[in-house]
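A short write-up of the structure that comes next.
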Amino acid sequence: MRQNIIISIIELIRGLAVTCWHLFVPSVTLQYPRQRWTVANRYRGLERLLLNEEGKERCVGCCLCARICPSRAIKIVTGEGEDYNKEVISFEIDIARCLFCGLCVEACPKNALTMTGEYELACYNRAGMIYTKEGLYKSPEVTKYKK
Ligand code: SF4
Ligand code: SF4
């Protein structure tokens, strides 16, 4: 009985020592949303469509990104624009299906797609997960992933 009490007291002291030691160790808890993660350069977040140096769309609507996408998350509609050139009418990425694998970026022959460090993609409904062409051109500027 006495031996059990001694063991309990020793364990109690050891537990308190661990607690006291952690009082002086810096906290690893991130106070989200006031503090945010700085993601690594290789992080693959929301896709972004890019413009060329003249401010024109780089995407030529070849659909290679849509073809290589393993989850069929990309939908592209093309048509005939001015001067009978091919024009991208709509470009949508469904991020509910997207695996953020980066294959679309790798496949693009025009470097028109990139992935950003944006990870705050929560929304209230399914429709909010479909990023249109306009939205993809407005994705955060910071490019974290380049091929
Ligand atoms: S990152 Fe991968 S899953 Fe997402 S759209 Fe591109 S190819 Fe598809
Ligand atoms: S592969 Fe590039 S150029 Fe072709 S449709 Fe996709 S984003 Fe546009």
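When Rg and the Kirkwood radius Rh are both evaluated on Cα atoms of the stretch 19-64, their ratio Rg/Rh stands at 1.34. Using only the alpha-carbon atoms, how far is helix 2-23 inclined from the longest principal axis of the chain? Give it as 0 to 90 degrees, nearest 10. Between the helix axis and the principal axis of the chain, the angle is about 40 degrees. The HN-Hα couplings worked out from phi for the stretch 54-59 by the Karplus form 6.51 cos²θ - 1.76 cosθ + 1.60 (θ = phi - 60°) are 8, x, 9, 5, 7, 5 Hz, whole numbers, x standing for Gly and Pro. Taking label positions 7 Å along the Cα-Cβ direction at both residue 89 and residue 36, the computed distance is 3.5 nm, reported to one decimal.
Under the convention that each Lys and Arg Cβ holds +1 and each Asp and Glu Cβ holds -1, the size of the dipole of the chain around its Cα centre is about 720 debye. Amide H to amide H, with H built 1.01 Å from N, residue 96 comes under 5 Å of no residue 5 or more places away or on another chain. Taken one residue at a time, the phi angles of the stretch 100-112 give Karplus couplings (6.51, -1.76, 1.60, θ = phi - 60°) of 6, 7, x, 5, 4, 5, 5, 7, 5, x, 10, 6, 8 Hz. Gly and Pro are set to x.
Amide hydrogen proximity for residue 139: with H placed 1.01 Å from N in the peptide plane, the residues at 5 or more positions away or on another chain lying under 5 Å are 49. Taking amide H as placed 1.01 Å from N in the peptide plane, the amide H of residue 116 sits under 5 Å from that of 45, 46, 47, 48, 144, each at least 5 places away or on another chain. Every Cα-Cα pair of the chain was included, and the share exceeding 18 Å stands at 66 percent. Secondary-structure-derived ellipticity at 222 nm for the chain, considering helices only, amounts to -7000 deg cm²/dmol, per-run term -39500 (n - 2.57) for DSSP H runs with n ≥ 4.
Here, each number is a calculation from the coordinates, and none is a lab measurement. Here the structure is a predicted model, which means the values were calculated and not measured. Because the Cβ atoms are built from the backbone with ideal geometry, glycine has one as well, and the counts that use them run over all protein chains shown.
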